[in-house]
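Asker: Quick one: the structure is below, questions incoming.
Computed from the coordinates by the stated procedures, all read-outs in this text should not be read as laboratory data. These numbers come from a predicted model, not from an experiment. Counting neighbours? That spans all protein chains shown, and the Cβs are built from the backbone with ideal geometry, glycine included.
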Amino acid sequence: MSEPKDHFLQSSSGFSLREFLDDDLTTFFEQQRDPEANYMAAFTKKNPDDAEAFQLHWQKVLADKNVLIRTILYDDAIAGYILSHDWFGEPEITYWLGKAFWGKGLATNALQAFLKVQTVRPLYARVVHDNHASKRVLEKCGFQVNGEDKGFANARNKEMREYILILND
Ligand SMILES: CC(C)(COP(=O)(O)OP(=O)(O)OC[C@H]1O[C@@H](n2cnc3c(N)ncnc32)[C@H](O)[C@@H]1OP(=O)(O)O)[C@@H](O)C(=O)NCCC(=O)NCCS
């Protein structure tokens, strides 16, 4: 029997991407509370420890028909998520991994796999100017810097510059 078309198992690296399940939110919440991850992402929720705000945010995310989301697994553990949305007008991706899973190439694997599921182009991404790891992940997957923007970053408590990256094909 063949695998579902968007199930990308790479057993040699322990990485896989699967459909989102509601129970994943418990893990996502813990992963999104991490101070270092918040600092890195910069444009985050005001209070990452607010469970009610987290639930409200995700209710909206999951009710949005234009959101495409997948859960990232590492050896069957929930490593994080990757999703696309159009909240700023253009199709855009974002992702978040629990700190225990950083530095294993997972974000790169996840983005490469997700780009076969989310095939709309151009596709955009935003990254605060000093999030070198995330920018590198995007560039390894073919995204190129296309512009800059700035906005208030809750995790830094100040306005920050961000790169806007584009994937054309
Ligand atoms: C950013 C994040 C997704 C990276 O995940 P990851 O699985 O560790 O990334 P990967 O292992 O696939 O690749 C990271 C790349 O960045 C590089 N990198 C890591 N830290 C770096 C740094 N400080 N400067 C430059 N490059 C860096 C790695 O060497 C690797 O590149 P390489 O393969 O050429 O060596 C993860 O740290 C995370 O979830 N952070 C918190 C949330 C966040 O920032 N989300 C993105 C918002 S735009």
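Asker: Tell me, LYS60, LYS45, LYS65 in order of fewest to most beta-carbon neighbours within 10 Å?
Answerer: If I rank by nearby Cβ atoms, fewest first, I get LYS65, LYS60, LYS45.
Asker: Length gain on complete extension for the stretch ASP34 to GLU90, per 0.36 nm per residue less the alpha carbon to alpha carbon distance?
Answerer: So the extension gain works out to 17.3 nm.
Asker: Continuing with the same structure: Relative contact order for the chain using alpha-carbon pairs under 8 Å, separation at least 6, rounded to a whole percent?
Answerer: Once normalised by length, the contact order is 22 percent.
Asker: What share of all Cα pairs of the chain, in percent, falls into each consecutive 10 Å distance bin?
Answerer: 10, 39, 41, 10, 1, 0
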